[in-house]
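Heads up: the structure comes next, in structure tokens.
The values are calculated or read from the model by the stated rules, or taken from the named source; none is laboratory data. A quick note: this is a predicted structure, and the numbers were derived from the prediction, not measured. We place every Cβ from the backbone using ideal geometry, glycine too, and count neighbours over all the protein chains shown.
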Amino acid sequence: MKARRILPLLALVLLMPRGGARAVEPAALYAELCAGCHGEGTTRLSGSPYPALFGNPQVAAAGPIYVALKALQRTGNMYPLCALASDEEIATLANYLAAANGSQSPPLSPAGAAALRPAVGDCPVPH
């Protein structure tokens, strides 16, 4: 069972570009960093323990800070993206998902994402 959870993460790490920055286009970032576990639409992937992030009332109610915290911190079975994504990328994803879900919360800046990032050494690095 653990292998089924680890394989998508391993694939994500292996497919990440090396030595250069990713484009910070929201839909492309979502496709690269989130869709493998959360899916592309409003329905969770078959057999996935991860919720769909579109049509998600929790994201709509809590806004981009909630999304950024979930992305950066190890909570539940969510693998933290703190070792994989920049502050700009986290803010872009958080704002994209909050807006897509109708959140009325103010946008999160890259500096705001940086403030939510775990301390150095507290972020698991994928192996």
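Residues of segment 70-79 being surrounded by fewer than 18 Cβ atoms within 10 Å (Cβ to Cβ) and within 11 Å of the chain's Cα centre (by Cα), which ones? I'd like the intermediate steps shown before the answer.
We begin by selecting, within segment 70-79, every residue surrounded by fewer than 18 Cβ atoms within 10 Å (Cβ to Cβ); these are 73-78.
Result: Q73, M78.
Take segment 88-121 and flag every residue that is modelled with pLDDT of 95 or more, in a loop (DSSP other than H, G, I, E, B) and among the aliphatic types (A, V, I, L, M).
Listed by number, the list holds a single entry, L108.
Specify the residue that is surrounded by the fewest Cβ atoms within 10 Å (Cβ to Cβ); the eligible residues are those in segment 80-103 that are more than 14 Å from R117 (Cα to Cα) and not hydrophobic (A, V, I, L, M, F, W, C).
Selected residue: G102.
Quick test for you: out of A31, A61, A68, pick the one residue that is of a type outside the set (S, T, N, Q), part of a helix (DSSP H, G or I), modelled with pLDDT of 90 or more and farther than 24 Å from C123 by Cα. Working first, answer last.
Details: A31 fails: farther than 24 Å from C123 by Cα; A68 fails: farther than 24 Å from C123 by Cα.
Result of the check over A31, A61, A68: A61.
Could you list, in sequence order, all residues of segment 52-61 that are surrounded by fewer than 18 Cβ atoms within 10 Å (Cβ to Cβ) and in contact with a helix residue (DSSP H, G or I) (Cβ under 8 Å, 6 or more places away or on another chain)?
Result: A52, F54, Q58.
Check segment 12-20 and report whether any residue there is out of contact with any strand residue (DSSP E or B) (no Cβ under 7 Å at 6 or more places or on another chain), modelled with pLDDT of 95 or more and not charged (D, E, K, R).
no
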